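Written below as C-alpha coordinates is the structure these notes are about.
The values are calculated or read from the model by the stated rules, or taken from the named source; none is laboratory data. All values derive from a computational prediction rather than experimental measurement. Note that we place each Cβ from the backbone using ideal geometry, even for glycine, and neighbour counts take in every protein chain shown. Accessible surface areas use protein heavy atoms only, side chains included; no ligands, DNA or RNA. Shrake-Rupley method; radii C 1.70, N 1.55, O 1.52, S 1.80 Å.
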Amino acid sequence: MKPPVYVTRRIPQAALEILRRECQVRIWDSDDPVPRATLLEEVAGCEGLFCLLTERVDTELLEHAPRLRVVANMAVGYDNVDVPACTARGVVVTNTPGVLTETTADLAFALILATARRLVEATRFLAAGQWKTWGPMLLTGRDVYGSTLGLVGFGRIGQAVARRARGFDMRILYHDPQRWEDAEKALGAARVALDDLLRQSDVVSIHAPLTPDTHHLIGERELRLMKPTAILVNTARGPLVDEAALYRALREGWIWAAGLDVFEREPIGPDHPLLSLPNVVALPHIASASIATRTRMATLAAENLVAVLRGEVPPTPVNPEVLPGPGHRP
Ligand code: GLV
(Lines give C-alpha, C1' and ligand atoms only; values in the text may rest on other atoms or scores of the structure.)
Protein backbone atom coordinates (compact mmCIF):
# COMPACT_ATOMS: atom_id res chain seq x y z
CA MET A 1 0.00 0.00 0.00
CA LYS A 2 1.18 3.52 -0.79
CA PRO A 3 2.18 5.50 2.33
CA PRO A 4 -0.30 8.19 3.41
CA VAL A 5 0.91 11.80 3.26
CA TYR A 6 -0.74 15.13 3.98
CA VAL A 7 -0.18 18.33 1.98
CA THR A 8 -1.14 21.51 3.84
CA ARG A 9 -1.96 23.79 0.88
CA ARG A 10 -2.78 23.80 -2.82
CA ILE A 11 0.63 23.32 -4.49
CA PRO A 12 1.90 23.25 -8.09
CA GLN A 13 0.65 20.26 -10.09
CA ALA A 14 4.17 19.05 -10.89
CA ALA A 15 4.83 18.52 -7.18
CA LEU A 16 1.51 16.79 -6.61
CA GLU A 17 2.28 14.38 -9.44
CA ILE A 18 5.58 13.39 -7.81
CA LEU A 19 3.75 12.72 -4.56
CA ARG A 20 0.79 10.90 -6.14
CA ARG A 21 3.01 8.46 -8.04
CA GLU A 22 4.23 6.98 -4.75
CA CYS A 23 1.92 8.13 -1.99
CA GLN A 24 -1.68 8.22 -0.98
CA VAL A 25 -2.16 11.99 -0.91
CA ARG A 26 -4.63 14.00 1.11
CA ILE A 27 -4.50 17.74 0.62
CA TRP A 28 -5.88 20.93 2.15
CA ASP A 29 -6.91 22.06 -1.33
CA SER A 30 -7.12 25.78 -0.66
CA ASP A 31 -5.06 28.94 -0.91
CA ASP A 32 -5.81 29.66 2.77
CA PRO A 33 -3.88 28.00 5.58
CA VAL A 34 -5.19 24.77 7.03
CA PRO A 35 -6.85 25.27 10.44
CA ARG A 36 -4.68 23.86 13.22
CA ALA A 37 -7.38 21.43 14.42
CA THR A 38 -7.77 19.99 10.91
CA LEU A 39 -4.01 19.64 10.56
CA LEU A 40 -3.76 17.76 13.85
CA GLU A 41 -6.53 15.39 12.75
CA GLU A 42 -5.10 14.88 9.27
CA VAL A 43 -1.57 13.99 10.40
CA ALA A 44 -2.84 11.19 12.67
CA GLY A 45 -2.10 8.32 10.28
CA CYS A 46 0.43 10.07 8.02
CA GLU A 47 3.94 8.97 7.24
CA GLY A 48 4.80 12.17 5.37
CA LEU A 49 3.90 15.83 5.86
CA PHE A 50 4.38 18.39 3.06
CA CYS A 51 4.08 21.76 4.77
CA LEU A 52 4.76 25.48 4.42
CA LEU A 53 6.33 28.05 6.73
CA THR A 54 2.81 28.90 7.93
CA GLU A 55 2.50 25.58 9.76
CA ARG A 56 3.99 25.05 13.19
CA VAL A 57 5.53 21.60 13.44
CA ASP A 58 6.03 21.16 17.18
CA THR A 59 5.76 18.52 19.87
CA GLU A 60 1.97 18.78 19.89
CA LEU A 61 1.81 17.99 16.17
CA LEU A 62 4.36 15.19 16.47
CA GLU A 63 2.32 13.63 19.27
CA HIS A 64 -0.69 13.56 16.94
CA ALA A 65 1.40 11.87 14.22
CA PRO A 66 2.97 8.72 15.66
CA ARG A 67 3.67 7.24 12.19
CA LEU A 68 5.33 10.38 10.78
CA ARG A 69 8.70 9.78 9.11
CA VAL A 70 9.32 13.00 7.19
CA VAL A 71 8.44 16.70 7.33
CA ALA A 72 9.15 18.31 3.96
CA ASN A 73 9.06 22.09 4.43
CA MET A 74 8.54 24.04 1.20
CA ALA A 75 10.94 26.82 2.25
CA VAL A 76 14.63 27.26 2.88
CA GLY A 77 13.93 28.64 6.37
CA TYR A 78 12.63 26.10 8.90
CA ASP A 79 12.14 28.14 12.06
CA ASN A 80 8.51 26.89 11.97
CA VAL A 81 9.76 23.34 12.62
CA ASP A 82 11.02 22.12 15.99
CA VAL A 83 13.94 20.21 14.49
CA PRO A 84 15.31 18.78 17.78
CA ALA A 85 11.82 17.39 18.58
CA CYS A 86 11.68 15.78 15.11
CA THR A 87 15.20 14.41 15.46
CA ALA A 88 14.36 12.92 18.87
CA ARG A 89 11.52 10.98 17.22
CA GLY A 90 13.56 9.95 14.19
CA VAL A 91 11.53 12.21 11.88
CA VAL A 92 13.55 13.56 8.94
CA VAL A 93 13.13 17.28 8.24
CA THR A 94 13.92 18.67 4.79
CA ASN A 95 13.97 22.21 3.36
CA THR A 96 14.48 23.76 -0.09
CA PRO A 97 17.90 25.47 -0.19
CA GLY A 98 19.63 26.52 -3.38
CA VAL A 99 16.66 26.65 -5.72
CA LEU A 100 15.45 30.04 -4.45
CA THR A 101 18.79 31.79 -3.99
CA GLU A 102 18.86 33.94 -7.14
CA THR A 103 15.14 34.81 -7.08
CA THR A 104 15.40 35.94 -3.46
CA ALA A 105 18.54 37.96 -4.17
CA ASP A 106 16.74 39.65 -7.08
CA LEU A 107 13.99 40.77 -4.74
CA ALA A 108 16.41 41.98 -2.07
CA PHE A 109 18.04 44.10 -4.75
CA ALA A 110 14.65 45.33 -5.94
CA LEU A 111 13.98 46.51 -2.37
CA ILE A 112 17.37 48.23 -2.22
CA LEU A 113 16.62 50.15 -5.41
CA ALA A 114 12.99 50.83 -4.50
CA THR A 115 13.85 52.29 -1.10
CA ALA A 116 16.91 54.25 -2.23
CA ARG A 117 15.09 55.81 -5.19
CA ARG A 118 11.68 56.11 -3.50
CA LEU A 119 9.85 54.18 -6.21
CA VAL A 120 6.66 53.39 -4.31
CA GLU A 121 6.38 56.91 -2.92
CA ALA A 122 6.84 58.28 -6.44
CA THR A 123 4.13 56.02 -7.88
CA ARG A 124 1.73 57.07 -5.11
CA PHE A 125 2.57 60.74 -5.81
CA LEU A 126 1.72 60.26 -9.46
CA ALA A 127 -1.48 58.33 -8.78
CA ALA A 128 -2.61 61.05 -6.35
CA GLY A 129 -2.39 63.67 -9.13
CA GLN A 130 0.41 65.56 -7.38
CA TRP A 131 2.79 65.77 -10.35
CA LYS A 132 2.69 69.39 -11.51
CA THR A 133 6.14 69.89 -13.02
CA TRP A 134 9.71 68.58 -13.21
CA GLY A 135 11.40 69.75 -10.01
CA PRO A 136 15.13 69.99 -9.32
CA MET A 137 14.85 68.18 -6.00
CA LEU A 138 11.51 66.43 -6.53
CA LEU A 139 11.52 62.91 -5.00
CA THR A 140 15.27 62.83 -4.81
CA GLY A 141 16.69 59.68 -3.26
CA ARG A 142 20.09 58.15 -2.62
CA ASP A 143 22.57 56.61 -5.00
CA VAL A 144 22.96 52.87 -4.79
CA TYR A 145 25.97 52.68 -7.11
CA GLY A 146 29.26 53.24 -5.31
CA SER A 147 27.70 52.96 -1.85
CA THR A 148 28.57 50.48 0.91
CA LEU A 149 26.49 47.33 1.30
CA GLY A 150 26.50 45.48 4.62
CA LEU A 151 25.27 41.90 4.43
CA VAL A 152 24.13 40.39 7.71
CA GLY A 153 24.54 36.72 6.78
CA PHE A 154 26.82 35.71 3.93
CA GLY A 155 25.50 32.29 2.95
CA ARG A 156 24.03 31.45 -0.44
CA ILE A 157 21.57 34.36 -0.60
CA GLY A 158 23.87 36.97 0.94
CA GLN A 159 26.56 36.06 -1.60
CA ALA A 160 24.04 36.24 -4.46
CA VAL A 161 23.14 39.79 -3.36
CA ALA A 162 26.86 40.61 -3.25
CA ARG A 163 27.23 39.42 -6.87
CA ARG A 164 24.53 41.88 -7.92
CA ALA A 165 26.12 44.64 -5.82
CA ARG A 166 29.40 44.26 -7.73
CA GLY A 167 27.62 45.43 -10.86
CA PHE A 168 26.70 48.59 -8.95
CA ASP A 169 30.32 49.18 -7.86
CA MET A 170 29.33 48.77 -4.22
CA ARG A 171 31.81 48.18 -1.43
CA ILE A 172 30.78 44.94 0.26
CA LEU A 173 30.99 44.19 3.98
CA TYR A 174 29.57 41.12 5.65
CA HIS A 175 28.91 39.81 9.11
CA ASP A 176 28.60 36.06 9.55
CA PRO A 177 29.62 33.60 12.26
CA GLN A 178 31.54 31.77 9.54
CA ARG A 179 34.42 33.15 7.47
CA TRP A 180 33.80 32.66 3.73
CA GLU A 181 37.32 33.06 2.36
CA ASP A 182 36.71 32.02 -1.25
CA ALA A 183 33.62 34.19 -1.57
CA GLU A 184 35.47 37.10 0.06
CA LYS A 185 38.13 36.90 -2.63
CA ALA A 186 35.74 36.33 -5.51
CA LEU A 187 33.41 39.16 -4.47
CA GLY A 188 35.88 41.58 -2.88
CA ALA A 189 33.96 41.38 0.38
CA ALA A 190 35.33 42.10 3.88
CA ARG A 191 34.20 40.33 7.06
CA VAL A 192 33.57 42.78 9.90
CA ALA A 193 31.92 42.85 13.32
CA LEU A 194 28.19 43.62 13.27
CA ASP A 195 28.62 47.02 14.94
CA ASP A 196 31.24 48.07 12.35
CA LEU A 197 29.00 46.90 9.53
CA LEU A 198 26.09 48.92 10.92
CA ARG A 199 28.22 52.05 11.35
CA GLN A 200 29.74 51.92 7.89
CA SER A 201 26.99 50.66 5.58
CA ASP A 202 24.66 52.72 3.41
CA VAL A 203 22.51 49.65 2.86
CA VAL A 204 22.16 46.86 5.43
CA SER A 205 20.53 43.72 4.02
CA ILE A 206 19.66 40.76 6.23
CA HIS A 207 20.22 37.18 5.04
CA ALA A 208 20.51 35.18 8.26
CA PRO A 209 18.30 32.37 9.54
CA LEU A 210 15.96 32.96 12.47
CA THR A 211 17.22 31.11 15.54
CA PRO A 212 17.07 31.90 19.27
CA ASP A 213 20.47 33.64 18.77
CA THR A 214 19.31 35.90 15.93
CA HIS A 215 15.94 36.93 17.38
CA HIS A 216 15.92 40.79 17.44
CA LEU A 217 19.49 40.83 16.15
CA ILE A 218 18.65 44.33 14.94
CA GLY A 219 17.11 46.26 17.82
CA GLU A 220 17.19 49.85 19.05
CA ARG A 221 20.91 49.79 19.85
CA GLU A 222 21.80 48.47 16.40
CA LEU A 223 19.46 50.86 14.57
CA ARG A 224 21.03 53.77 16.42
CA LEU A 225 24.46 52.66 15.20
CA MET A 226 23.33 52.95 11.57
CA LYS A 227 23.79 56.13 9.55
CA PRO A 228 20.79 58.47 9.41
CA THR A 229 21.08 58.11 5.63
CA ALA A 230 21.08 54.30 5.68
CA ILE A 231 18.56 51.79 4.40
CA LEU A 232 17.60 48.50 6.07
CA VAL A 233 16.36 45.63 3.91
CA ASN A 234 14.92 42.43 5.38
CA THR A 235 14.04 39.47 3.16
CA ALA A 236 14.97 36.86 5.80
CA ARG A 237 12.54 36.58 8.75
CA GLY A 238 10.64 39.36 10.53
CA PRO A 239 11.69 38.55 14.11
CA LEU A 240 15.35 39.23 13.27
CA VAL A 241 14.37 42.90 13.61
CA ASP A 242 12.64 44.54 16.57
CA GLU A 243 9.76 46.05 14.63
CA ALA A 244 8.68 48.53 17.31
CA ALA A 245 12.23 49.93 17.39
CA LEU A 246 12.34 49.98 13.59
CA TYR A 247 9.13 51.99 13.47
CA ARG A 248 10.64 54.61 15.77
CA ALA A 249 13.90 54.60 13.81
CA LEU A 250 12.07 55.32 10.57
CA ARG A 251 9.73 57.90 12.08
CA GLU A 252 12.37 59.75 14.02
CA GLY A 253 15.04 59.60 11.32
CA TRP A 254 17.63 57.37 12.99
CA ILE A 255 17.73 55.66 9.57
CA TRP A 256 16.44 56.76 6.21
CA ALA A 257 14.25 53.98 4.84
CA ALA A 258 13.41 50.28 5.04
CA GLY A 259 12.49 47.64 2.50
CA LEU A 260 10.65 44.80 4.18
CA ASP A 261 9.42 41.50 2.78
CA VAL A 262 8.92 39.89 6.20
CA PHE A 263 7.33 40.91 9.50
CA GLU A 264 7.35 39.81 13.12
CA ARG A 265 3.79 38.42 12.88
CA GLU A 266 2.57 37.50 9.44
CA PRO A 267 0.29 38.30 7.74
CA ILE A 268 0.12 42.01 8.61
CA GLY A 269 -3.03 43.99 7.91
CA PRO A 270 -3.47 47.45 6.37
CA ASP A 271 -3.39 49.08 9.82
CA HIS A 272 0.15 47.95 10.58
CA PRO A 273 2.07 51.06 11.77
CA LEU A 274 4.96 50.50 9.34
CA LEU A 275 2.57 50.84 6.39
CA SER A 276 1.77 54.41 7.44
CA LEU A 277 5.36 55.53 6.81
CA PRO A 278 6.38 56.98 3.43
CA ASN A 279 9.93 55.66 3.80
CA VAL A 280 8.88 52.00 3.96
CA VAL A 281 8.51 49.68 1.01
CA ALA A 282 6.60 46.66 2.29
CA LEU A 283 5.85 43.38 0.53
CA PRO A 284 3.86 40.27 1.57
CA HIS A 285 6.73 37.76 1.94
CA ILE A 286 7.27 37.22 -1.80
CA ALA A 287 11.07 37.12 -2.10
CA SER A 288 11.12 33.67 -3.72
CA ALA A 289 7.88 34.20 -5.63
CA SER A 290 8.75 33.65 -9.27
CA ILE A 291 6.67 30.99 -11.03
CA ALA A 292 9.75 28.93 -11.85
CA THR A 293 11.23 29.12 -8.36
CA ARG A 294 8.04 28.37 -6.44
CA THR A 295 7.45 25.41 -8.75
CA ARG A 296 11.00 24.17 -8.16
CA MET A 297 10.65 24.62 -4.39
CA ALA A 298 7.48 22.53 -4.46
CA THR A 299 9.00 19.76 -6.59
CA LEU A 300 12.14 19.69 -4.43
CA ALA A 301 10.01 19.35 -1.29
CA ALA A 302 8.07 16.52 -2.96
CA GLU A 303 11.31 14.79 -4.03
CA ASN A 304 12.59 15.06 -0.47
CA LEU A 305 9.43 13.55 0.98
CA VAL A 306 9.26 10.67 -1.49
CA ALA A 307 12.96 9.84 -1.05
CA VAL A 308 12.61 9.48 2.72
CA LEU A 309 9.54 7.26 2.40
CA ARG A 310 11.47 5.05 -0.04
CA GLY A 311 14.26 4.73 2.52
CA GLU A 312 16.64 6.80 0.40
CA VAL A 313 18.75 9.82 1.30
CA PRO A 314 16.67 12.94 0.43
CA PRO A 315 18.32 15.69 -1.64
CA THR A 316 18.27 18.37 1.09
CA PRO A 317 17.86 17.08 4.65
CA VAL A 318 18.10 19.44 7.62
CA ASN A 319 18.82 16.71 10.22
CA PRO A 320 20.76 14.07 8.23
CA GLU A 321 21.80 12.43 11.51
CA VAL A 322 18.42 10.66 11.68
CA LEU A 323 18.81 9.08 8.23
CA PRO A 324 19.44 5.37 8.27
CA GLY A 325 22.98 4.30 7.56
CA PRO A 326 24.12 2.25 4.54
CA GLY A 327 22.53 -1.15 4.19
CA HIS A 328 19.20 -0.01 5.64
CA ARG A 329 16.01 -1.44 4.10
CA PRO A 330 12.78 0.49 4.59
C1 GLV B 1 10.80 31.63 2.54
O2 GLV B 1 10.73 32.53 3.32
C3 GLV B 1 11.72 30.55 2.67
O4 GLV B 1 12.31 30.37 3.75
O5 GLV B 1 11.88 29.79 1.70
Cα lying deepest toward the dipole's positive end in the stretch 1-141, options C46, G90, I11, charges on Cβ: I11
Choice from L277, L305, L138 with maximal GNM fluctuation in the chain (Cα, 10 Å cutoff): L138
Percent accessible area from carbon and sulfur atoms, the chain, protein chains only, probe 1.4 Å: 54
Selected from W134, W256, W28 as most flexible by GNM, with the chain as the system and alpha-carbon contacts under 10 Å: W134
The chain: C-alpha pair distances exceeding 39 Å, %: 21
Which of T140, W256, S205, positive extreme of dipole for the stretch 101-282 (C-beta unit charges): T140
Relative intensity, log₁₀ I(q)/I(0), of the stretch 165-266 from a Debye sum that treats every alpha carbon as a point, q = 0.15 Å⁻¹: -0.61
Contact order relative to length of the stretch 101-282, as percent, for alpha carbon pairs under 8 angstrom and 6 or more apart: 21
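Let me spell out the model: positive unit charges on the Cβ of Lys and Arg, negative unit charges on the Cβ of Asp and Glu, origin at the Cα centre of the chain. What dipole size does that give, in debye rounded to 20?
Details: 36 positive and 39 negative charges, 149 e Å.
The calculation lands at about 720 debye.
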With all protein chains modelled, accessible area of T133 [1.4 Å, Å²]: 90
Mean separation of Cα contacts under 8 Å (6+ apart) over length of the stretch 220-330, as relative contact order %: 20
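With a 1.4 Å probe and every protein chain left in place, work out the accessible area per residue of the chain in Å², rounded to a whole number. Numbers along the way, then the final one.
Values: 15770 Å² over 330 residues.
So the chain comes to 48 Å² accessible per residue, rounded to a whole number.
Would you mind giving the average projected area, over all directions, of the Cα convex hull of the stretch 107-150 in nm² with one decimal?
Numbers: hull surface 15.1 nm².
The number I arrive at for the stretch 107-150 is 3.8 nm².
Relative contact order for the chain: what percent, with Cα pairs under 8 Å and sequence separation of 6 or more?
Working: 634 pairs, mean separation 65.0, N = 330.
Reported relative contact order: 20 percent.
Using the Cα centre of the stretch 193-236 as the reference point, and only Cβ charges (+1 on K/R, -1 on D/E), how large is the resulting charge dipole? Debye, rounded to the nearest 20.
Values: 4 positive and 6 negative charges, 25 e Å.
With only Lys, Arg, Asp and Glu charged at Cβ, the dipole is about 120 debye.
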All-pairs alpha carbon distance profile, the stretch 101-282, 10 Å steps from 0, percent: 10, 39, 36, 13, 3, 0
Euclidean distance of C-alpha centroids, the stretch 9-26 and the stretch 254-316, integer Å: 21
Gaussian network model of the chain, Cα within-10 Å springs - most flexible of L139, L19, L300: L139
Ellipsoid semi-axes in whole angstrom, largest first, where each is sqrt(5λ) of the Cα gyration tensor of the stretch 48-178: 42, 20, 10
Spatial separation of Cα centroids for the stretch 179-244 and the stretch 78-120, in angstrom: 16
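Rank E181, E63, E121 by accessible area, highest first, at a 1.4 Å probe radius?
On the way: E181 95, E63 125, E121 50 Å².
Result, largest first: E63, E181, E121.
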Accessible-area order (highest first, 1.4 angstrom probe) of the listed residues M297, M74: M74, M297
